[in-house]
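For reference, the structure discussed in these notes is given below.
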Amino acid sequence: MVRVTPGLTSRKVLDITYQTPQETLLGTPVTLPISEPGTPQVSYTVASGDLPTLLITPFSKTWISYVYAAGKFVTAGTLSWRMKKNGSSVRTGTLSVVATTYYTLTACFFNIAVGDVLEIALWSNQTDSNYDYKAFFVVVDRVSVWNKRRLYTPCNFTGVEAKPVLTLGNPSVQETKVVIPYHLDIYLYYNFSAPTNFSHIYAGTTYGCFMVGLGDYSKNNDAYGYTHASYRPYYVRQSTPTQIVIRGAIID
């Protein structure tokens, strides 16, 4: 009897190195207007140096950016915000803030590219609200290594870290989102935030081998808004792979 066994490609190691987040804490807070400003307070233009560095170039991937904005309400009121991408509105919303309390927005821009201009406009129904903090960070998502659907056997996420780590102001993490593995473009109903090994994952053409929870699976082109009496920024971040070790089954 002859046993037929699919061949395997050579071992591939995809190292992902993330950039240091851009952060700005104003020495003097800026008072928020009572109507939408013509020029958004927060603006970033995506540069190639903002993107994570990948040791090997995958066939497909998606970039997602997190833009943070924070400040303080002296009098209880309502914060209004608008997200813009290249001058076009992608989402707007409001957040109730009690007196003498900080607010933080975590805005998630999906499928960005170098040259995109990402903005957040802020305004308040009170005249003594302010803005004094902003930050910007990019993660990689929906990675597929080969130029066709192929079984990764194994697919080992040997490095996973929570990103970004913000340092200015008085930061605290409100929530860290998990990594969501995909098999044949189907959610596996298993999430992880630490190094995790899978015996087999068949990377699909749409989602690749994983999806991030922040900015893709949830809050695609939308924002989380949170308040806190002392933390600013009080933000949401993402557990993200920093190393993936795989072999591909040669079955076609």
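The values are calculated or read from the model by the stated rules, or taken from the named source; none is laboratory data. Source: prediction; values computed, not measured. Glycine gets a Cβ as well: all are built from the backbone with ideal geometry, and neighbour counts include every protein chain shown.
Among residues of the range 187-205 that are in a strand (DSSP E or B) and crowded, with 16+ Cβ neighbours inside 10 Å, those with a Cβ under 7 angstrom from a residue that is modelled with pLDDT under 95 and of a type in the set (Asp, Glu), sequence gap 6+ or separate chain, pair up as GLY204/ASP185.
Could we say that THR39 is modelled with pLDDT of 95 or more, assigned to a strand (DSSP E or B) and either β-branched (Val, Ile, Thr) or within 30 Å of ALA229 (Cβ to Cβ) (or both) here? When the stated conditions are applied, THR39 does not pass them. Of ASP116, ASP141, all but one fail to be of a type in the set (D, E, K, R), within 17 Å of ASN220 (Cα to Cα) and buried (at least 19 other Cβ atoms within 10 Å of the Cβ); the exception is ASP141. Assess whether VAL13 counts as being at pLDDT below 95 and assigned to a strand (DSSP E or B). So VAL13 fits the description; yes.
Count of the range 128-181 residues, restricted to those that are basic (Lys, Arg) and modelled with pLDDT of 95 or more, is 4. The one condition from (1) loosely packed, with under 14 Cβ neighbours inside 10 Å; (2) in contact (Cβ under 8 Å) with a residue 40 or more places away in the chain; (3) not aliphatic (A, V, I, L, M) that THR101 does not meet is (1).
Just the residues that are over 19 Å from TYR217 (Cβ atoms) and in a loop (DSSP other than H, G, I, E, B), please, taken from the range 158-186. Correct list: VAL165, LEU166, THR167, LEU168, GLY169, PRO171.
Of the residues making up the range 32-44, those that are surrounded by 13 or more Cβ atoms within 10 Å (Cβ to Cβ) and of a type in the set (S, T, N, Q) number 2.
The number of residues in the range 203-252 being under 23 Å from LYS85 (Cα atoms), at pLDDT 95 or above and of a type in the set (D, E, K, R) comes to 3.
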